[in-house]
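Visitor: Take this structure, written in structure tokens, and hold onto it; I'll ask about it next.
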């Protein structure tokens, strides 16, 4: 009995064993949060500070010593201090010689200095093994348990062993280290936290531009035109009617723009007869932001759904619906049901509901938590096949609703087409070209090209040779 218990104790991990000592220079928010997290994970933490008086904010199991004394007690020193205060490290150069010095600082703006903070630190401490890490993690994330959005820690440095020591600490804290190479990558890593939605700028500016254009377009046709020529004051359209026209139009155009670059890429590959040549830069950037374009389009479609559901509550809609009923009652005459309009109305609603359902489904699969749980073939099926089905349904929804205005002279106010006609240009062009691309006579050579076949391999090899030679 005693023998078995002793064997079980021998097999059990020794959770009380402390890890190595880590020194942290700086007792600010991040330094305290990092030290508290490291103590929870079994590290012994010693703080180097100008004041050796222990504050209530410092983790209770940590030591507070002078910078020189703290540095002598650890092989890894984490610099949790801003760059402008690095000068105090110069007298400590001999003590820090051969030690791993981790720079976690960030700047106030992109490329604020000629060199990165980590490279500047390496210049101040030529004998230290400088590693860049932890600058993309916030103090709040460490205190709250490192949420998914801030779990990755980018690490770079010229000393492989020093990087591995830092990455072991990152793993012990429950974070994910990503080796970015040498210290030359520190400039890029320091720019990561300062970038504000880098892949969203073009989609946001494009959607705002389209929204502004269509707002003034509708304002001119629906408010100003009717006031000048029909003497009707429809200025209240600005609150509900015009936004409910802009949202579906912008959503449909953006959805078409999601699939337009793929069509253009296929045409370029067919023309070149190879896939081993880069697309133009504008097309590369366009293809990289298709996810963002689709999500913004989904947001506009969702607004359209909300506006449509709220429309029956409007005074204008109640007045417009009650007017024919009162007219029939006064004339003592009931108009028969127009089955053609009933079919169009029901078809328009059905296409919109089904299209919005698939739109939401495609949008959900864009979420990292969902896309990571499906394989590549499943993801491609949803994003491509169901995506084109969504585009077809939403285009048909718009055609059924606004198709009657194409041949109506009254729809061309100031000789300008209705807003719904403009919304159909991009999606219809995409669907027509895509329909041509799925023909076997076009699809087969395109598939062969994407599998590596080249129409003129010699010229391709020559161009690759020229590119490689110029790079050398």
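Visitor: Using the structure shown, decide if residue 250 is within 30 Å of the chain's Cα centre (by Cα), modelled with pLDDT of 95 or more and surrounded by 16 or more Cβ atoms within 10 Å (Cβ to Cβ). Please lay out each step first, then the result.
Guide: Values: within 30 Å of the chain's Cα centre (by Cα): yes; modelled with pLDDT of 95 or more: yes; surrounded by 16 or more Cβ atoms within 10 Å (Cβ to Cβ): yes.
For residue 250, the condition - within 30 Å of the chain's Cα centre (by Cα), modelled with pLDDT of 95 or more and surrounded by 16 or more Cβ atoms within 10 Å (Cβ to Cβ) - is met.
Here is a yes/no grid of residues against (1) within 21 Å of residue 349 (Cβ to Cβ); (2) out of contact with any strand residue (DSSP E or B) (no Cβ under 7 Å at 6 or more places or on another chain); (3) in a helix (DSSP H, G or I):
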position: 279; (1), (2), (3): no, yes, no
position: 285; (1), (2), (3): no, yes, yes
position: 293; (1), (2), (3): no, yes, yes
position: 296; (1), (2), (3): no, yes, yes
position: 300; (1), (2), (3): yes, yes, yes
position: 303; (1), (2), (3): yes, yes, yes
position: 307; (1), (2), (3): yes, yes, yes
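Visitor: Still on this model: For the range 153-192, give me the residue count where each residue is part of a strand (DSSP E or B) and crowded, with 18+ Cβ neighbours inside 10 Å.
Guide: Here the count works out to 6.
Visitor: From the list 390, 339, 395, 365, which one is over 30 Å from residue 226 (Cα atoms) and touching a residue at least 40 places away in the same chain (Cβ under 8 Å)?
Guide: Working: 339 fails: touching a residue at least 40 places away in the same chain (Cβ under 8 Å); 395 fails: over 30 Å from residue 226 (Cα atoms); 365 fails: touching a residue at least 40 places away in the same chain (Cβ under 8 Å).
Exactly one residue qualifies, and that residue is 390.
Visitor: Still on this structure, please answer the following. Looking at the range 385-460, what helices (runs of 4 or more DSSP H) fall wholly within it and have at least 2 residues that are within 23 Å of residue 246 (Cβ to Cβ)? Break it down into steps so the answer makes sense when it comes.
Guide: Values: elements: 387-402, 419-423, 425-437, 440-450.
Where helices (runs of 4 or more DSSP H) fall fully within the range 385-460 and carry at least 2 residues being within 23 Å of residue 246 (Cβ to Cβ), they are 387-402, 419-423, 425-437.
Visitor: Can you name the number of the only condition in (1) touching a helix residue (DSSP H, G or I) at 6+ places or on another chain (Cβ under 7 Å); (2) modelled with pLDDT of 80 or more; (3) over 16 Å from residue 256 (Cβ atoms) that residue 317 fails?
Guide: That leaves (2) as the condition not met.
Visitor: Scan (1) exposed (fewer than 14 other Cβ atoms within 10 Å of the Cβ); (2) farther than 30 Å from residue 126 by Cβ; (3) without any contact (Cβ under 8 Å) to a residue 40 or more places away in the chain for the single condition residue 237 breaks and write down its number.
Guide: Checking residue 237 against (1) exposed (fewer than 14 other Cβ atoms within 10 Å of the Cβ); (2) farther than 30 Å from residue 126 by Cβ; (3) without any contact (Cβ under 8 Å) to a residue 40 or more places away in the chain, the one that fails is (1).
Visitor: Looking at 264, 298, can you tell me which residue is surrounded by fewer than 20 Cβ atoms within 10 Å (Cβ to Cβ) and under 30 Å from residue 386 (Cβ atoms)?
Guide: On the way: 298 fails: surrounded by fewer than 20 Cβ atoms within 10 Å (Cβ to Cβ).
Only one candidate qualifies: 264.
The values are calculated or read from the model by the stated rules, or taken from the named source; none is laboratory data. Values in this document were obtained by computation on a predicted structure and should not be read as measured data. Ideal geometry is used to build each Cβ from the backbone, glycine not excepted, and the neighbour counts take in all protein chains shown.
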